[in-house]
1. Taking each full run of DSSP H in the chain as one helix, which ones are at least 15 Å long along their axis (Cα atoms) and have mean Kyte-Doolittle hydropathy of at least 0.0?
2. Between segment 80-152 and segment 1-51, what is the C-alpha centre distance in whole Å?
3. Tell me, what HN-Hα J-couplings in whole Hz come from the Karplus equation 6.51 cos²θ - 1.76 cosθ + 1.60 at θ = phi - 60° for each residue of segment 55-63, using x for Gly and Pro?
4. Count the lysine pairs in the chain whose Cα atoms lie under 22 Å apart, taking only pairs 8 or more positions apart in sequence or on different chains.
5. Under a Cβ-only charge scheme (Lys and Arg +1, Asp and Glu -1), can you give me the dipole magnitude of segment 2-151 about the Cα centre, in debye to the nearest 20?
6. Could I have the simple spin-label model distance between Ile33 and Thr143, label points 7 Å from Cα toward Cβ, reported in nm to one decimal?
7. Quote the Stokes-Einstein diffusion coefficient, in whole µm² s⁻¹, for the chain, based on the Kirkwood radius over alpha carbon pairs, a temperature of 4 °C and a viscosity of 1.567 mPa s.
8. What list do you get for Val99, Val36 if you sort them by fewest beta carbons within 10 Å?
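What follows is calculated from the coordinates using simple rules that are stated; it is not laboratory data. Because the structure is a prediction, the values reported are computed rather than measured. So basically every Cβ, Gly included, is an ideal-geometry build from the backbone, and we count neighbours across all protein chains shown.
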Amino acid sequence: MFQDIIITFLWSLSPLGEAKAGIPYGLLSGLNIYLVFAVGFLANVLVFPMMQFFLNKVNSSLLQWHFYKKSAIWVARRAKGGAEQKIQKYGFWGLLFFVMLPIPGTGVYAGSIASYLFNIERRKAFYANMIGIFLSSLIVWTTTVLTMQSAA
């Protein structure tokens, strides 16, 4: 059980799945449905301050390495391309919606990068990301719970 909580947490923290993968894993592992939501949501919220630290402190040092710089530019273009119109037009609400969509390529990692690239005030960006994460987690959690109930 404890191992499944840790794995749920790690999936929800991971850029490969975020809470979109962590929540279904925890539910399918038989964990308490409310514990799974809380762990998935909180782990995903932790991504924003980690990404802000990385982008503001570590990123500038790594940009001097050619391979990293090339990769960072590629990621920045993808984040800008996917979010630019929504965020430029709708600001806070565009960022919230972008993070909320439970589809690949969206979420708190992309939202953190987009808020960094568009110089969105950190507090506003945090709230947009946190609310977006909550709504995305709620969508994934509800869908998974209902699917599991109908399959039983």
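1. Going by DSSP H runs, the hits are 2-13, 33-53, 122-151.
2. 16 Å
3. Listing the rounded values in order: 5, 8, 10, 8, 3, 4, 6, 6, 4 Hz.
4. 12
5. Value, rounded to 20: 640 debye.
6. 1.7 nm
7. Value of D from the Cα-based Kirkwood radius: 82 µm²/s.
8. Val36, Val99
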